[in-house]
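Nothing in this text is a laboratory measurement; each read-out follows from the coordinates by a stated rule. Only a predicted model underlies this, so the values are computations on that prediction, with no experimental measurement involved. Positions of Cβ are generated from backbone atoms using ideal geometry, with glycine treated the same way; all protein chains shown enter the neighbour counts.
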């Protein structure tokens, strides 16, 4: 018994038990960190997979448009007979770029030629493959349908007005639809479209202006 009368604190009767508790805490802490690290790695892998498995849009680009032939020649005869002579062919050169790390396999690429919002011609090229991060050039010939052309002009009157103006405006729409296969088993469908406004001179049948923009759907 001490002079102050205080009782000294009891010492641990089982030091091995305390060591076991400390080891158990360390194991639990390490396990918790390991689980957290695995969760972070899983989240990072999921984000990387989403980025990898999401295909980038193919880009279609109109390189050139060439028009050959004769634009509308309107003949008036008596009695009040009207005939329209038209023989125009368009050659469109389109480039398709594939920014994906896998090949882009597309079906027959189709181009539609419109005049005043109505289809007056069209063309297509066979199905093909655009290599990974590569490009291909597609060439399409289109002949304007004379009957559909006159109908689109809302009759000969509208056609004559365009002839007097000296220019005719067309719209060319090119659709390239296909699939990209990522990691060998994930297939994603992609459709790219190029819409171009083309102004052609009536007398010389030369392309005077063209303006294009791209659209894409996943």
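Applying 0.36 nm per residue to the separation of residue 39 and residue 93 and subtracting their alpha-carbon distance, the gain on full extension is 14.4 nm. Descending by average beta-carbon neighbour count within 10 Å, the peptides 94-104, 136-146 line up as 94-104, 136-146, the highest first. Multiplying the residue separation of residue 141 and residue 31 by 0.36 nm and subtracting their alpha-carbon distance yields 32.8 nm. Tell me, in nm to one decimal, what length is gained between residue 63 and residue 24 on full extension, where the rule is 0.36 nm per residue of separation less the Cα-Cα distance? Using 0.36 nm per residue and subtracting the Cα-Cα distance, I get 6.9 nm.
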